[in-house]
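Q: The structure under discussion is supplied below as structure tokens; questions concerning it will follow.
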Amino acid sequence: MDSAILSKVKFFNSPHFFIIDKLLKTVYESRSGWVFCDEHVISMAQSVREQIYWEVELIVPTEQEGCTTFQELLDDDGLGLFSIS
């Protein structure tokens, strides 16, 4: 069997595939704009974010590239939002 095919078979049999699949289904069905995740699932959440056609923000406890920290979220005063008059 071709090693490229074999590596895909191993991936689909891994528990990570089922986590990604479940997370993708949850984000898609809820139309979520953000996902709060810890360091252990950031790569899986990034994979899900790449498969969704709208912007999904990843909120994490510690600083990670391309993500928003929970502290940044708490420190945001909301003044960057547009006003409704």
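The values are calculated or read from the model by the stated rules, or taken from the named source; none is laboratory data. Keep in mind that this is a model prediction, so the values were computed, not measured. So basically every Cβ, Gly included, is an ideal-geometry build from the backbone, and we count neighbours across all protein chains shown.
Q: Cβ-Cβ distance below 6 Å, separation of 6 or more or different chains: which pairs start in region 15-40 with a residue that is within 22 Å of Leu74 (Cα to Cα) and end on one that is modelled with pLDDT of 80 or more and not in a loop (DSSP other than H, G, I, E, B)?
A: Short answer, once both residue conditions are applied: Trp34/Glu57; Trp34/Ile59; Val35/Ala45; Val35/Leu58; Phe36/Ile59; Cys37/Ala45.
Q: Go through region 38-85 and give me each residue that's exposed (fewer than 11 other Cβ atoms within 10 Å of the Cβ), of a type in the set (Asp, Glu) and modelled with pLDDT of 85 or more.
A: The answer is Glu50, Glu55, Glu63, Glu65, Asp75.
Q: Would you point out which residue out of Val35, Val9, Val27 is part of a helix (DSSP H, G or I), in contact with a strand residue (DSSP E or B) (Cβ under 8 Å, 6 or more places away or on another chain) and either modelled with pLDDT of 85 or more or surrounded by fewer than 13 Cβ atoms within 10 Å (Cβ to Cβ) (or both)?
A: Being part of a helix (DSSP H, G or I), in contact with a strand residue (DSSP E or B) (Cβ under 8 Å, 6 or more places away or on another chain) and either modelled with pLDDT of 85 or more or surrounded by fewer than 13 Cβ atoms within 10 Å (Cβ to Cβ) (or both) holds for just one of Val35, Val9, Val27, which is Val27.
Q: Moving to a separate point now. Taking the condition of being charged (D, E, K, R), within 17 Å of Gly66 (Cβ to Cβ) and out of contact with any helix residue (DSSP H, G or I) (no Cβ under 9 Å at 6 or more places or on another chain), how many residues in region 18-54 meet it?
A: Qualifying residue count for the region: 3.
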